Amino acid sequence: MFLAPFCLLAALTPLAAPTDQPTLPDAQRLFYNAHYEAAAAVTLARRAADDAPDLANDELRSSALLFELRGLLEDRRDKEKALKSCARCADVISDLLAEIHRGQEQARAALQSNRDDNAALFYLGKIDLNYVWLQLGVLGHRTGWDEYWEARRSLDTALAHDPGFVRARLARSWIDYIVDTKMPWGTRWLLGGGDRKQALAEVRKAASADVDVFVHAEAEFALWDMCVRERKLTEATEVARRLAQDFPDNQEVAAFLSRPAQH
């Protein structure tokens, strides 16, 4: 998707004093405006200021790096050739793998202390999925099955504890959607099955929930993405218009809305 210089942070969150530090909402705002490189830089700056365990920061940084990498390789069908010609991809992949491993270790340590820690269950599942999307979706490697099953179990456990956990519901819906739409029948069965219609219904429900602004953003972007995949372009356009109001710097949303067929 899109990149932007780290200096964009200054325009969003001017520092009042030298001791001020960027916040997680600063990074989230950059992320949902599709400034992935900048969002990753902010999360790294937050860690430099305070290296205490912070799974929310780890998950967001891994997501930002994943989307940054996806943008670097976008529209290149020969992934192996694209990776060889991409000057920045090796460093982004290295940073992303390190971030994923860090997050997994932090989440697993939290669950060793408290196996019912719902936040840790969610973040472990979400970070595991970032690894799966990296391997299967971006790099085209047929690996990541251990992480897939760990993610599925973690998210199911989190939802058993709290069925109203919107972010866990969104992540679980993506599993159902991708398994149903991208895997052959035999593989779908081996992966526990999926349901594209139920996934879309769950995402619509999440997008209408009364939740934090950035959780709502995650739900709206998921709904937009699924509607585009399903060729439900009228609904996708309605969602994109809402997103454009909330995140006017997001050039991917703007590009979608600028296509004549979307009006």
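Scanning region 26-37 for residues that are under 15 Å from the mean Cα position of the chain (by Cα) and assigned to a helix (DSSP H, G or I), which turns out farthest from Leu243 (Cα to Cα)? Within region 26-37, the match that is farthest from Leu243 (Cα to Cα) is Glu37. Going by the conditions given, is Glu99 under 17 Å from Pro53 (Cα atoms) and either buried (at least 20 other Cβ atoms within 10 Å of the Cβ) or in contact with a strand residue (DSSP E or B) (Cβ under 8 Å, 6 or more places away or on another chain) (or both)? So Glu99 fits the description; yes.
Conditions tested, residue by residue: (1) modelled with pLDDT under 95; (2) under 20 Å from Ala217 (Cβ atoms); (3) of a type in the set (Phe, Trp, Tyr); (4) touching a Leu at 6+ places or on another chain (Cβ under 6 Å).
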residue	(1), (2), (3), (4)
Leu60	no, yes, no, no
Leu73	yes, no, no, no
Lys81	yes, no, no, no
Leu97	no, no, no, no
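Remark: pairs (first residue in region 19-48, in contact (Cβ under 8 Å) with a residue 24 or more places away in the chain; second residue outside any helix (DSSP H, G or I) and among the β-branched types (Val, Ile, Thr); Cβ separation under 8 Å; 6+ apart in sequence or on different chains) = Pro22/Thr13; Arg46/Thr23.
Residues are listed down the side, and each one gets a yes or a no for (1) of a type in the set (A, V, I, L, M); (2) farther than 25 Å from Leu24 by Cβ; (3) surrounded by fewer than 21 Cβ atoms within 10 Å (Cβ to Cβ):
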{"site": "Asn114", "(1), (2), (3)": "no, no, yes"}
{"site": "Val179", "(1), (2), (3)": "yes, yes, no"}
{"site": "Met183", "(1), (2), (3)": "yes, yes, yes"}
{"site": "Leu191", "(1), (2), (3)": "yes, yes, yes"}
{"site": "Gln198", "(1), (2), (3)": "no, yes, yes"}
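The residues on offer are Leu111, Leu83, Leu96, and the sole one that is hydrophobic (A, V, I, L, M, F, W, C), closer than 20 Å to Asp146 by Cα and either within 14 Å of the chain's Cα centre (by Cα) or not assigned by TED's automatic domain parsing to the domain that holds Ser63 (or both) is Leu96.
The values are calculated or read from the model by the stated rules, or taken from the named source; none is laboratory data. Only a predicted model underlies this, so the values are computations on that prediction, with no experimental measurement involved. Glycine gets a Cβ as well: all are built from the backbone with ideal geometry, and neighbour counts include every protein chain shown.
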